[in-house]
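The values are calculated or read from the model by the stated rules, or taken from the named source; none is laboratory data. Nothing here was measured: the structure is a model prediction, and the numbers come from that model. Note that we place each Cβ from the backbone using ideal geometry, even for glycine, and neighbour counts take in every protein chain shown. Accessible surface is based on the protein model in full, side chains and every heavy atom, while ligands, DNA and RNA are left aside. Shrake-Rupley method; radii C 1.70, N 1.55, O 1.52, S 1.80 Å.
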Amino acid sequence: EDQVTQSPEALRLQEGESSSLNCSYTVSGLRGLFWYRQDPGKGPEFLFTLYSAGEEKEKERLKATLTKKESFLHITAPKPEDSATYLCAAASDNAGNNRKLIWGLGTSLAVNP
Amino acid sequence: SQTIHQWPATLVQPVGSPLSLECTVEGTSNPNLYWYRQAAGRGLQLLFYSVGIGQISSEVPQNLSASRPQDRQFILSSKKLLLSDSGFYLCAWSVGRRSSYNSPLHFGNGTRLTVT
């Protein structure tokens, strides 16, 4: 069964303290791994898509990487405005035409000033 | 640029009342459209998706229905709400059927529905 697991569930950092969020996936034929940021009471905001192992993408203080089993979202020198829930989702060969993504439950990140 | 509008932002409805949530997309044609529900601790659940006008696929049998009367309009409805329909409802779009199906979803800001 296709599955996406995110860890930790919650993470509290001091401003400037770098860390990584993990997204482990078990899917049949990964077609894409997506990262989103979600602020309280808002819809998820798209960050990155990764398609193959070894791929990396960066945006400001965020860098996403992908291996054959997991993806990491590295946050370098975070600021309080980086506080949010970070979601990952996988698209697999089983998704078919309905584009049914397999979603993780998210990591809630809090960055203290 | 593309934008997605979803309303209302919050809604409190009594059990047994009808529901209509609306979503519109601007700046793109023939998008794929989606309704998701997000519940605490359960992640994002796909409810309906549509690849074109009048074409609706349901993922989860339930008390809800969806319609797509225009290319960029997606409506979520219920004839009689249940307590279990409470949740955070999200509309999303992605690039339409001719493009790679692993293109990202883009979400609206959601509707917080409380059924009392």
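Here are the numbers for this structure:
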| read-out | value |
| --- | --- |
| Residue within segment A:92-107 that is among the β-branched types (Val, Ile, Thr), crowded, with 19+ Cβ neighbours inside 10 Å and in contact (Cβ under 8 Å) with a residue 40 or more places away in the chain present | yes |
| Enumeration of residues in segment A:51-70 that are within 10 Å of the chain's Cα centre (by Cα) and either under 22 Å from residue B:93 (Cα atoms) or at pLDDT below 95 (or both) | none |
| Considering residues of segment A:16-52 that are touching a residue at least 40 places away in the same chain (Cβ under 8 Å) and open to solvent by less than 10 Å² (accessible area, probe 1.4 Å) only, the residue farthest from residue B:37 (Cα to Cα) | A:21 |
| Residue list for segment B:28-48, filter: surrounded by 11 or more Cβ atoms within 10 Å (Cβ to Cβ) and over 17 Å from residue A:101 (Cβ atoms) | B:28, B:30 |
